[in-house]
Amino acid sequence: MTIYDHISANRRRTWLLMFLFVVFVAGVVELIALALGGGYIAGIIVLIVAGLFVAISYYSASSLVLSLSQAKEVKHDENPDLYHVVENLCIGSGLPMPKIYIIEDTAPNAFATGRDPRHATVVVTSGLLQKLDKLELEGVIAHELSHIKNYDIRLMTLVVVLVGLVALLADFMLRYTWFGAGRRPSNRGRGEGMAGALILVVAVVAAILAPLAAQIMRFALSRGREYLADASGALLTRYPEGLARALEKIAADKEPLEVANKATAHLYIANPLKGHESWANNLFSTHPPIEERIQRLRAM
Amino acid sequence: MSAAVWVVIAIAALVVLIVLFVWGLYNGLVRSRMQVRESWSGMDVQLKRRYSLIPNLVETVKGYAAHEREVFENVTKARAALMSAGDAKSAAEANNQLTSALKTLFAVAENYPQLRASENFMQLQKELSDIEAKIAYARQFYNSNVMSYNTKIQVFPNMLLARPFGFTQADFFAATEAERAEVRVSFEKKTA
């Protein structure tokens, strides 16, 4: 598979994801409406609303991701060294200069977001800048620029909004209805019974939704894209050892990144949810094992 | 319908197919050549930045080491050659010359502690090493575009069309081994 195949596969998957999201949300709502004895109006309205939501997401998902991650933009004069590293690698890959954002957190990590190379952002944590030397930082930035060049960023960013947030919401609903159902006194007339049924429906939907969303996430984001970005990043810097050493340092750091969550974890160069390796988080894990990536880089 | 009509249709279809094929091929070659030219202009930007920095550098060094005439002359000559270079090949040669002339300049500067300590000189040195890194990356991008373009016009069947349409091979921008090593060293220095 060439880079161009990878890019068109990303385009296809992006459209498929947006289409499935609209159909799925409208379908679920319509099913509930039918079960409660309603008509088709609810389904049609939701279809339109979901369509609008997807269209808005396409253009603004990256700003949402940036604010969710509490990232702040840095200009040339605030950090010229970082700026020059990004600029040089952009010259080497023929990409336009992306915006640069920093997350104030000591956990070393990085990601890229945006909808195409002209509207792209590279984000690094302040911990990454502290802990890596220049060659290692170049490796990480080259990896992120490869995600931009391959149009991985568009798909990965939309996955945050269309799948990740659904998963978080399902998680929340599941917990809420669980506790809600437990606290509910046994019998309080017809109105309570109706509410109880609704809560039950929500709980069932959420219970189905959470693992399904995880599955979609895994399907949409094959682990191959990280290996590919590692390889094309190494081709850009002509120094695979830099990225290998950076990944080693990131893997050795045990501190989790506070601002990352299940919805955004897949964006990062290495899994930011360290120490919380519960069953639910592993279910959402889309990162290939870091040791394997380092080994492949060293074999180049 | 008679056989003759079928033959005419078949030939017409074949002609249309060939025209479409040539059309696509030609556009592909043009696009590829544009990429080479575009990345050359990216290269040119960085080279220009470097030689616009040089008069300043020479003046600064002259302030402390006015009698090292030969060194300044070499740098100025190489700079003029780079400015007048028309194509990639002569630009590469002039650039390599300039690099070695600058290297002598910096070696000479080592002998003047006051110069080495001057704010202006350190700033220029830093800027120059950043530009040199940028030149190295721009060259990498340019050369990879040249490589894919040159391959494209030489493989079959493209080569049958490339020559009549005037697609000629582009020149690589060759770096001297010494220069490549120098760029790496300048990275290491900063990190240490």
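The values are calculated or read from the model by the stated rules, or taken from the named source; none is laboratory data. Small disclaimer: the values here were computed from a predicted structure and weren't measured. Note that each Cβ is placed from the backbone with ideal geometry, even for glycine, and that neighbours are counted across all protein chains shown.
Within the stretch A:101-130, how many residues are assigned to a helix (DSSP H, G or I) and either of a type in the set (S, T, N, Q) or within 18 Å of the chain's Cα centre (by Cα) (or both)? If you could, list the steps in order and put the result at the bottom.
Initially, the stretch A:101-130 is screened for residues assigned to a helix (DSSP H, G or I), giving A:126-130.
Checking the rest, the ones that are also either of a type in the set (S, T, N, Q) or within 18 Å of the chain's Cα centre (by Cα) (or both) come to A:126, A:130.
Going through the stretch A:101-130 one residue at a time, the tally reaches 2.
Taking residue A:82 as the residue in question, decide whether it is in a helix (DSSP H, G or I) and over 30 Å from residue A:251 (Cα atoms).
no
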Does the stretch A:145-153 contain any residue that is surrounded by 23 or more Cβ atoms within 10 Å (Cβ to Cβ), touching a Gly at 6+ places or on another chain (Cβ under 7 Å) and over 22 Å from residue B:137 (Cα atoms)?
yes
The stretch B:101-157, subset surrounded by 18 or more Cβ atoms within 10 Å (Cβ to Cβ) and over 24 Å from residue B:47 (Cα atoms), residue modelled with the lowest pLDDT:
B:115
Residue B:170 being away from every other protein chain (no Cβ under 13 Å), under 29 Å from residue A:142 (Cβ atoms), crowded, with 16+ Cβ neighbours inside 10 Å and at pLDDT 85 or above:
yes
Sole residue being of a type outside the set (Asp, Glu), farther than 28 Å from residue A:84 by Cβ, without any contact (Cβ under 8 Å) to a residue 40 or more places away in the chain and not in a loop (DSSP other than H, G, I, E, B), chosen from B:143, B:150
B:150
Residues that are over 24 Å from residue A:208 (Cα atoms) and of a type in the set (Gly, Ala, Ser): does the stretch A:49-56 have at least one?
yes
Go through the stretch A:91-131 and give me each residue that's crowded, with 23+ Cβ neighbours inside 10 Å and within 14 Å of chain B (Cβ to nearest Cβ).
A:91, A:92
Consider the stretch B:108-124. How many of its residues are in a helix (DSSP H, G or I) and either among the polar types (S, T, N, Q) or at the interface with chain A (Cβ under 9 Å from one of its Cβ atoms) (or both)?
3
Subset of the stretch B:142-168, residues under 24 Å from the mean Cα position of the chain (by Cα) and polar (S, T, N, Q), comes to B:143, B:144, B:145, B:148, B:150, B:151, B:154, B:168
Before we move on, is residue A:46 more than 19 Å from residue A:157 (Cα to Cα) and free of Cβ contacts under 8 Å to residues at least 24 places away in the same chain?
yes
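Looking at B:119, B:127 in this structure, which one is of a type in the set (D, E, K, R), without any contact (Cβ under 8 Å) to a residue 60 or more places away in the chain and out of contact with any Ser or Thr (no Cβ under 7 Å at 6 or more places or on another chain)? Before you say what the answer is, go through the steps one by one.
Working: B:127 fails: without any contact (Cβ under 8 Å) to a residue 60 or more places away in the chain.
Matching residue, one of B:119, B:127: B:119.
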Might you let me know whether the stretch B:125-142 holds any residue that is away from chain A (no Cβ under 14 Å) and more than 30 Å from residue B:25 (Cα to Cα)?
yes
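Taking residue A:220 as the residue in question, decide whether it is buried (at least 16 other Cβ atoms within 10 Å of the Cβ), among the small types (Gly, Ala, Ser) and modelled with pLDDT of 75 or more. Don't jump to the end; show me each part of the working.
Details: buried (at least 16 other Cβ atoms within 10 Å of the Cβ): yes; among the small types (Gly, Ala, Ser): yes; modelled with pLDDT of 75 or more: no.
In short, no.
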Kindly evaluate residue B:19 against the criterion of being more than 28 Å from residue B:171 (Cβ to Cβ) and exposed (fewer than 12 other Cβ atoms within 10 Å of the Cβ).
yes
All conditions in (1) more than 14 Å from chain B (Cβ to nearest Cβ); (2) in a helix (DSSP H, G or I); (3) modelled with pLDDT of 75 or more; (4) touching a helix residue (DSSP H, G or I) at 6+ places or on another chain (Cβ under 7 Å) are true of residue A:262 except (2)
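Filter the stretch A:1-45 down to residues that are part of a helix (DSSP H, G or I) and among the small types (Gly, Ala, Ser) and give me whichever is surrounded by the fewest Cβ atoms within 10 Å (Cβ to Cβ).
Filtering the stretch A:1-45 for residues part of a helix (DSSP H, G or I) gives A:3-35, A:41-45.
Still in the list and also among the small types (Gly, Ala, Ser): A:8-9, A:26-27, A:33, A:35, A:42-43.
On the way: A:8: 12, A:9: 16, A:26: 20, A:27: 14, A:33: 17, A:35: 10, A:42: 16, A:43: 19.
Filtering the stretch A:1-45 for residues that are part of a helix (DSSP H, G or I) and among the small types (Gly, Ala, Ser), the one surrounded by the fewest Cβ atoms within 10 Å (Cβ to Cβ) comes out as A:35.
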Kindly provide the set of residues from the stretch B:90-130 that are more than 26 Å from residue A:87 (Cα to Cα) and among the aliphatic types (A, V, I, L, M), ordered by number.
B:101, B:105, B:107, B:108, B:109, B:115, B:117
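May I ask you to say which residue of B:60, B:76 is in contact with a Ser or Thr (Cβ under 8 Å, 6 or more places away or on another chain) and either crowded, with 18+ Cβ neighbours inside 10 Å or over 30 Å from residue B:160 (Cβ atoms) (or both)? So that I can check it myself, show each step before the final result.
Details: B:76 fails: in contact with a Ser or Thr (Cβ under 8 Å, 6 or more places away or on another chain).
Residue meeting the stated conditions: B:60.
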Hey, does the stretch B:31-49 have a residue that's at pLDDT 90 or above, over 30 Å from residue B:85 (Cβ atoms) and in a helix (DSSP H, G or I)?
no
Which listed residue, of A:69, A:60, is touching a residue at least 60 places away in the same chain (Cβ under 8 Å) and farther than 22 Å from residue A:224 by Cβ:
A:69
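Out of the stretch B:64-82, which residues are in contact (Cβ under 8 Å) with a residue 12 or more places away in the chain and assigned to a helix (DSSP H, G or I)?
At the first step, the residues of the stretch B:64-82 found to be in contact (Cβ under 8 Å) with a residue 12 or more places away in the chain are B:64-65, B:68, B:71-72, B:74-79, B:81-82.
Scanning the stretch B:64-82 gives B:64, B:71, B:72, B:74, B:75, B:76, B:77, B:78, B:79, B:81, B:82.
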Can you pull out every residue in the stretch B:10-39 that is closer than 20 Å to residue B:90 by Cα and more than 12 Å from every other protein chain (Cβ to nearest Cβ)?
B:33, B:37
For the stretch A:55-90, which positions are crowded, with 19+ Cβ neighbours inside 10 Å and under 15 Å from residue A:160 (Cα atoms)?
A:57, A:61, A:62, A:65, A:66, A:69
